[in-house]
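Encoded as structure tokens, the structure appears first; notes follow it.
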Amino acid sequence: MAYIAYSTPKNNGAVYATVVESIREGSKVKQQRIENLGRVIDSENGIFKNRKLGVFRYTLEEGFQDADNPELYSSLPAQEKLILDFGDSFVLSQYIRTLPFFQAYSDIMPHQKDTFFSLLFYRILTDKKAYCYADTWWSGNYVRILYPGAGLQSQRVSDFLAAIGEEEVQRRFFNGYLSSLYGDCKKTAGILIDSTGLGNASKMSITRLNNHNGDINMEIRLIYVIDRSNGMPVYFRYCPGNIADVSTLCTTMAELSQYGVSIDYAIVDAGYFSEDNVKELYKNKIHFVTRLAPNRKIYKQAAANELGDILSSKYAIRYGNRLVYLKKAEIDVYGHTGYAYIGVDMDSRSQQFRRAMFHAIDDNLSPDETDARIAKPGTFMILSSDDMETKEILPLYYTRQQVEQVFDIGKNNADLLPLRIQSEDTFRGHLMLTFLATAVFQKLQRDILSRRKKGDRTNPEGAFMKLRNQKCKVYERNVIPQEPVKEINEIYKLLSIKLPISLARNQM
């Protein structure tokens, strides 16, 4: 029994056909090749092409025949090679070229540009499995047409990560990147600084045991600096997991100064508060806002003096849907004038009050001891170098949520965790690639939020999932996008991206 077998050689994409006959020998069936038909031009009409016969027609029933109007097939500019996921990588490639820091990205690894952008797209567009799946994803996505020279085999990816993680490469990048954000003069910036633990079980020297509020993990500490005006990642660095946040602030600011970025405002979490850090901020005339932990002497003194009448209606303010009582007090901060903003969050207080009262009763506390204990739930304190109205301090401090959002993007949309890397060289490259992907994703997220209409819930992650469903047909010299459905068209319009009928491969 004869039949036509089709095959697609790896890294080619064209479809080839062979006439094969099944021959039974006893209990076994063997496949015997009879005729090599060559490349498939039109499988439905049995049109093929090879060097010996040119364009011809072949069917099992009628055998070889001349093709009707063979010149039509011979003059075709291309033969269909394959169908790929298209919309997600096309939109990202168009969008990323509009970014002010695109040139800094292009210059980062000029001799491995295809590998770099392929891995960057992989981090942004997929659900980010391990790097070993990057080659599989690339082979089925339009990104292989955009960046055909990518080397995504496991060892080559490891070598690439080690290369992009080199200190010289990162310094060159940040010079270009920060110039794109702030101009060549590197103007002053208001920043948010925070850190997160990267839990892992690797044997890298920087993996250390960390105790964070009683949660003990083997981890590496990652520090991000964010521009407080636009939420864009500015800089990153890392340190061993057992290094306390409090000791990293001055070093982080010192490294930023080497790139010509001077800081005029810093918003930091409670873990960064220390006498040395505060004095350094005052010395460099850097305005700051930070939360104070309840165990701090400054907190205890201010609370003792100010909490007595704080639940008076004159201190009540509305912050969104939260009722907060907040008052301000001028205090001494290690020889400098500062301002403590003491508050009670009533939502938090109501959740904690009952539990605190039950504990006081169970512990047989006296009325005075009980009153002292139930006065604490829901209280907080924010310290600032500036004298401002109480209603201004909460919106200012809670811009810190931008840091949490950036960390969420890094962990959920750029595959910051879990770490599967065993050498510090490749680890540095992984952090670098994650930072680059996070910056693009954060910018896209803010652009979408600013452009979408009321009631529109479009977000980058959902948009890319929809766009992936738009395919393209790839030919030798052209790419033909398939017609987009309405919801995909809306994404194109939202991002002001025009979809062409055809794309020339040699122009990409």
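The values are calculated or read from the model by the stated rules, or taken from the named source; none is laboratory data. Keep in mind that what you see is a predicted model, and the values were worked out from it rather than measured. Neighbour counts run over all protein chains shown; Cβ positions are idealised from the backbone, glycine included. Only protein heavy atoms, including side chains, enter the accessible area calculation; ligands, DNA and RNA are left aside. Shrake-Rupley method; radii C 1.70, N 1.55, O 1.52, S 1.80 Å.
Annotations for the structure displayed:
- Restricting attention to segment 328-349, the residues being in contact with a Lys or Arg (Cβ under 8 Å, 6 or more places away or on another chain) and either of a type in the set (Ser, Thr, Tyr) or within 16 Å of residue 287 (Cβ to Cβ) (or both) number 5.
- Within this structure, residue 303 passes the test of being small (Gly, Ala, Ser), within 14 Å of residue 383 (Cα to Cα), touching a residue at least 40 places away in the same chain (Cβ under 8 Å) and part of a helix (DSSP H, G or I).
- Selection from segment 348-360 of residues that are open to solvent by 100 Å² or more (accessible area, probe 1.4 Å) and more than 14 Å from residue 322 (Cβ to Cβ): 354, 355, 358
- Here residue 244 passes the criteria (1) surrounded by fewer than 21 Cβ atoms within 10 Å (Cβ to Cβ); (2) within 22 Å of residue 190 (Cβ to Cβ); (3) within 28 Å of the chain's Cα centre (by Cα) except the one numbered (2).
- Tally of residues being surrounded by 19 or more Cβ atoms within 10 Å (Cβ to Cβ) and out of contact with any Asp or Glu (no Cβ under 6 Å at 6 or more places or on another chain) across segment 334-347: 6
- Selection count where residues are in a strand (DSSP E or B) and in contact with a Phe, Trp or Tyr (Cβ under 8 Å, 6 or more places away or on another chain), scope segment 475-508: 2
- Considering residues of segment 39-98 that are among the polar types (S, T, N, Q) and assigned to a loop (DSSP other than H, G, I, E, B) only, the residue modelled with the lowest pLDDT: 79
- Residue within segment 308-326 that is assigned to a helix (DSSP H, G or I), within 28 Å of residue 243 (Cα to Cα) and open to solvent by 30 Å² or more (accessible area, probe 1.4 Å) present: no
- Test: residue in segment 111-123 that is surrounded by 19 or more Cβ atoms within 10 Å (Cβ to Cβ), in a strand (DSSP E or B) and not basic (Lys, Arg): no
- Subset of segment 250-295 [buried (at least 17 other Cβ atoms within 10 Å of the Cβ) and charged (D, E, K, R)]: 269, 291
- Checked against the criterion of being at pLDDT 85 or above, farther than 25 Å from residue 243 by Cα and surrounded by fewer than 16 Cβ atoms within 10 Å (Cβ to Cβ), segment 153-167 contains one or more residues that satisfy it.
- All conditions in (1) closer than 30 Å to residue 182 by Cα; (2) open to solvent by 20 Å² or more (accessible area, probe 1.4 Å) hold for residue 149, with the sole exception of (1).
- The residues in segment 288-313 that are of a type in the set (Asp, Glu) and touching a Ser or Thr at 6+ places or on another chain (Cβ under 7 Å) can be counted, and the count is 0.
- Residue pairs whose Cβ atoms lie under 7 Å apart, sitting 6 or more positions apart in sequence or on different chains, and linking a residue in segment 160-182 that is closer than 20 Å to residue 150 by Cα to a partner that is among the charged types (D, E, K, R) and part of a helix (DSSP H, G or I), are 162/425; 165/425; 165/428.
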